[in-house]
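These notes concern the structure reproduced below.
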Amino acid sequence: MVTLGDMGMTQMMGGTAPLGAHMMLRAVPATVPAGKVSLVAENMGWRTHELVILPLPPGEQAGQRVPGPDGTVDEKGSLGEASTSCGAGAGEGIRAGTVSWTTLTMAPGRYELICNLPNHYADGMYQELRVTSS
Ligand SMILES: [Cu+2]
């Protein structure tokens, strides 16, 4: 289960956000066995969010990616994403109060779960996910 949230004072239109907004992405548990992994992302915040699953290269930590001028990071190597409202897979984003999910076959290793809407990564929407050999 992945919980997405933000501390916005007012409901915003869409997912755009200023730098410095307080946002969170929490995966519980943060360690799962290899194999089929279902990731369910619940948006508890006001803004639209998404969940993208990226591999974490050796030596790198979650949160170290550098966003480009558009406020998003490179999704190269992405295993998949959950980014639709009340449905599976990719879409237009997970609107406030809705849930999206995806099921992946994951090999052992370290991964980074992120929200890649503009500025959300820089605002703290990332967490490491460890996949252990089962
Ligand atoms: Cu977000």
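The values are calculated or read from the model by the stated rules, or taken from the named source; none is laboratory data. Because the structure is a prediction, the values reported are computed rather than measured. Because the Cβ atoms are built from the backbone with ideal geometry, glycine has one as well, and the counts that use them run over all protein chains shown. Side chains are part of the model used for accessible areas, which takes the heavy atoms of the whole protein and leaves out ligands, DNA and RNA. Shrake-Rupley method; radii C 1.70, N 1.55, O 1.52, S 1.80 Å.
So for the range 43-53 (the condition being more than 16 Å from the ligand (Cβ to nearest atom), surrounded by 15 or more Cβ atoms within 10 Å (Cβ to Cβ) and more than 13 Å from ARG26 (Cα to Cα)), does at least one residue qualify? Looking through the range 43-53, none of the residues is more than 16 Å from the ligand (Cβ to nearest atom), surrounded by 15 or more Cβ atoms within 10 Å (Cβ to Cβ) and more than 13 Å from ARG26 (Cα to Cα). Which one is most open to solvent (accessible area, probe 1.4 Å), of the residues in the range 101-127 that are within 12 Å of the ligand (Cβ to nearest atom) and small (Gly, Ala, Ser)? It comes out as ALA122. Is it the case that some residue within the range 6-20 is polar (S, T, N, Q), open to solvent by less than 40 Å² (accessible area, probe 1.4 Å) and within 12 Å of the ligand (Cβ to nearest atom)? No, the range 6-20 has no match at all. Taking strands (runs of 3 or more DSSP E) as the structural unit, those lying wholly within the range 56-134 and holding at least 2 residues that are over 11 Å from the mean Cα position of the chain (by Cα) correspond to 99-106, 109-114, 126-132. If the requirement is being of a type in the set (Asp, Glu), within 14 Å of the ligand (Cβ to nearest atom) and exposed (fewer than 14 other Cβ atoms within 10 Å of the Cβ), which of these qualifies: GLU81, GLU60, GLU92? Result: GLU92 is the single residue among GLU81, GLU60, GLU92 that is of a type in the set (Asp, Glu), within 14 Å of the ligand (Cβ to nearest atom) and exposed (fewer than 14 other Cβ atoms within 10 Å of the Cβ).
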